[in-house]
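The values are calculated or read from the model by the stated rules, or taken from the named source; none is laboratory data. In this text the structure is predicted, and so the values were computed from the model without any measurement. FYI the Cβ positions are ideal-geometry reconstructions off the backbone, even for glycines, and counts take in every protein chain you see. Heavy atoms of the whole protein, side chains included, go into the accessibility calculation; ligands, DNA and RNA do not. Shrake-Rupley method; radii C 1.70, N 1.55, O 1.52, S 1.80 Å.
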Amino acid sequence: MALEEYGGPTEEQSATVFLQTHGLLPKEANCAKCGAPCRFQEKSQHFRCDKQINGRRCNYKRTMRKGTFLSNCAKDDSEFLAFLSMYLSKDFNSDQVVQELRWTDNTVTQWAVWCGEVCEQYVKTQPKIGGPDTVVEIDEICLCQRKQERGKIVHAFWVVVGKERDSNKRFVANLDGNPRTAANLSGIITKYILPGGVVITDSHPSYSTLGSHGYAHHIIDQQNVVRTQSIERIWGELKKGYVVRRGRAPNHMPLHICRYIFIAAFKAEDERLHRFLRNAAAMHPSPPC
């Protein structure tokens, strides 16, 4: 896989230097015993202290991955970047990772969870959408998993989706088992959408109180004057592989949704990779020594 296509390191730049540049791995470290600067050994990827104390070398050493996002990663840096490029692609498939990288299913699942947590943290820190002079479309979607992908529903996961009509800003929120109660819907809308703008929904009575929260509430009509085409596109994206896919555990569904929001926020693959690495580095800063 050519990582340079996805914004990864060039042929002249090593994967380790690329990760150091993004803050995911430290460039330098100090000795935990004497505080002296450590020397980096590129071959073993360790920091070692060479300071002489009473005629003897301190000899303190630690791996450069200690305390970082890659502290539990047994793969080399280039292999991790290859997995990350697949994970951040729209058509991510764990079977492809197993086949191309020779990883086990458990390894792929665990790293998908850890990467999903980075996407989840990004979603949590995003500002509200909407506000004055904006139109936000709202709808609920049932992401269901069926037996053999065509039989009875074995798990249903209800979410509320909102998107600004004239921008790429969006949110996807879990409904926690009560898909159309007024308390749930109004609470989610006020949490994710700023007042003062237009909110378009269907005619369900649970939305009837939105006017009292500072929104101009419009309802979809039969003449298609008030419509939600942006939401209909998101339906297809969520149901065709982004989130719903055979073999995915229901308890991992929120992380797959966060991955979808992260990918949708950054259309360019190189920017997507850079932003992910920066966010991962911020969540797991390198220890001071």
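Here is how the numbers come out for the structure above:
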item	result
Set Lys66/Lys90; Lys75/Lys124; Lys27/Lys61; Lys27/Lys51; Lys51/Lys75 screened for pairs whose C-alpha atoms are more than 25 Å apart	Lys66/Lys90; Lys75/Lys124; Lys51/Lys75
Sites Asn72 and Cys144 - FRET efficiency at Förster radius 35 Å, r taken between beta-carbons, to 0.05	0.60
Per residue solvent-accessible surface (Å²) - segment 18-159, probe of 1.4 Å	54
Length added when fully stretched, Asn251-Asp221, from 0.36 nm per residue minus Cα-Cα	7.2 nm
Separation of the Thr190 and Val17 label points, Cα + 7 Å toward Cβ, nm	5.4
Order by protection proxy (mean Cβ within 10 Å, highest first), peptides 19-32, 195-208	19-32, 195-208
Amide H partners (placed H, <5 Å) of Ala29, local residues excluded	Cys38
Net length gained if the chain between Arg233 and Glu28 were fully extended (0.36 nm per residue, minus Cα distance)	69.1 nm
Two-site FRET efficiency, Thr181 against Lys90, from Cβ-Cβ distance with R₀ of 35 Å, rounded to 0.05	0.60
Set of segment 38-73 residues, backbone N closer than 18 Å to the point 7 Å along the Cα-Cβ line of Gln110	65-73
Listed residues His256, His46 arranged by accessible area, highest first, probe 1.4 Å	His46, His256
Cβ-derived FRET efficiency at R0 30 Å, Asn168 paired with Leu101, nearest 0.05	0.45
